[in-house]
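Let me begin by presenting the structure, written as structure tokens, before commenting on it.
The values are calculated or read from the model by the stated rules, or taken from the named source; none is laboratory data. Only a predicted model underlies this, so the values are computations on that prediction, with no experimental measurement involved. Cβ placement follows ideal geometry from the backbone for every residue including glycine, while neighbour counts extend to all protein chains displayed.
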Amino acid sequence: MRIGIIGGTGVCDAVSLTDARDVTVKTPYGDALMKQGKIAGVEVLLVPRHGEGHTIPPHRVNYRANIWALWWMGAERVMGTAASGSLNSAMLPGDLVAVDQFIDFTKCRPATFFEGSKAGVVHTDMTDPYCAEVRKALIDSSESLGLRVHRSGCYVCTDGPRFETRAEIRAFSVLGGDLVGMTNVPEVVLAREAGMCYGLLGIVTNFAAGIARRELSHEEVVQVMAETSGRVAEVLCRAAGRLVAAAGCGCRRNWSRLAELRGVGAGK
Ligand SMILES: [Zn+2]
């Protein structure tokens, strides 16, 4: 069992792997970089979502290459982290959220592995997009460390890289959003298409536009992440240990679809 971690802003550097080595995986969508190593004996693949040195903005992240690479390398269960703005007055900067739903407001991202032709037309169920077992591992691990974690939350995804307008945040709030961010879609969608368990730990870095009393800045996000990244890394390490047990969820039923699509055997 290999566990994938897709680290958002500020998290990858805080996760320390033993026996770590850099791996470049060639995918049909381009190369994906990751570190392969171990956490307390558990095999882990760590993908820096924004590239080495945080140089790739959210709308340019190669989501398909990242997820394909994790699938190819045999990551059956994946945890992502996402620095997020809060629309919910109960979700405070520094809080963690085990996200259970999303609303997609992205407009310009390739969002599927299934582009028709030989692969046929595939419509993937997305009623509950996040794996219940990965979410439970994230919640239990956060609580065991005494951290404030919300057991559910709806993540609204925008393209960015700009922040949202006051009216957009008001609209997202009416629609039931709790968090807003720029990276979780299509990442979670592609993981489900590939038959991998996927859970997201939202990290509240600020209140969103119009809820915050001052202008938003990326520096504010970076500062909160600097304060919380060590704790988040500890949550991920503990959760990885909880996830090596056999899965009892149904996420894996799509696992072989990518192999059929590309006429290849599933990874190592
Ligand atoms: Zn699952």
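Assorted remarks:
- Candidates GLY85, GLY80, filtered to the one that is farther than 26 Å from ARG257 by Cβ and either surrounded by 23 or more Cβ atoms within 10 Å (Cβ to Cβ) or free of Cβ contacts under 8 Å to residues at least 24 places away in the same chain (or both): GLY85
- Test: ALA111 is under 15 Å from the mean Cα position of the chain (by Cα) and outside any loop (DSSP other than H, G, I, E, B): no
- Any hit, region 120-134, residues being under 20 Å from LEU190 (Cα atoms), in contact with a helix residue (DSSP H, G or I) (Cβ under 6 Å, 6 or more places away or on another chain), surrounded by 19 or more Cβ atoms within 10 Å (Cβ to Cβ) and in contact (Cβ under 8 Å) with a residue 40 or more places away in the chain: yes
- One residue from LEU145, LEU175, LEU138 being at pLDDT 95 or above and within 16 Å of the ligand (Cβ to nearest atom): LEU138
- The one condition from (1) among the hydrophobic types (A, V, I, L, M, F, W, C); (2) surrounded by 15 or more Cβ atoms within 10 Å (Cβ to Cβ); (3) over 18 Å from LEU138 (Cα atoms) that VAL235 does not meet is (3).
- Residues that are among the polar types (S, T, N, Q) and in a strand (DSSP E or B) within region 78-94 comprise THR81, SER84, SER86, listed in sequence order.
- Residue in region 4-58 that is surrounded by the most Cβ atoms within 10 Å (Cβ to Cβ), counting only those that are of a type in the set (D, E, K, R) and in contact (Cβ under 8 Å) with a residue 24 or more places away in the chain: ARG49
- Under the condition of being at pLDDT 85 or above and more than 19 Å from ILE5 (Cα to Cα), the residues counted in region 250-259 number 1.
- Residues in region 220-262 that are assigned to a helix (DSSP H, G or I) and within 16 Å of the ligand (Cβ to nearest atom): ALA239, ALA240, ARG242, CYS251, ARG252, ARG253, ASN254, ARG257.
- When the criteria are applied in full, SER217 fails the requirement of being small (Gly, Ala, Ser), away from the ligand (no atom under 13 Å from the Cβ) and touching a residue at least 12 places away in the same chain (Cβ under 8 Å).
- Residue selected from region 3-18 under the condition modelled with pLDDT under 95 and assigned to a strand (DSSP E or B), by the criterion nearest to GLY202 (Cα to Cα): GLY7
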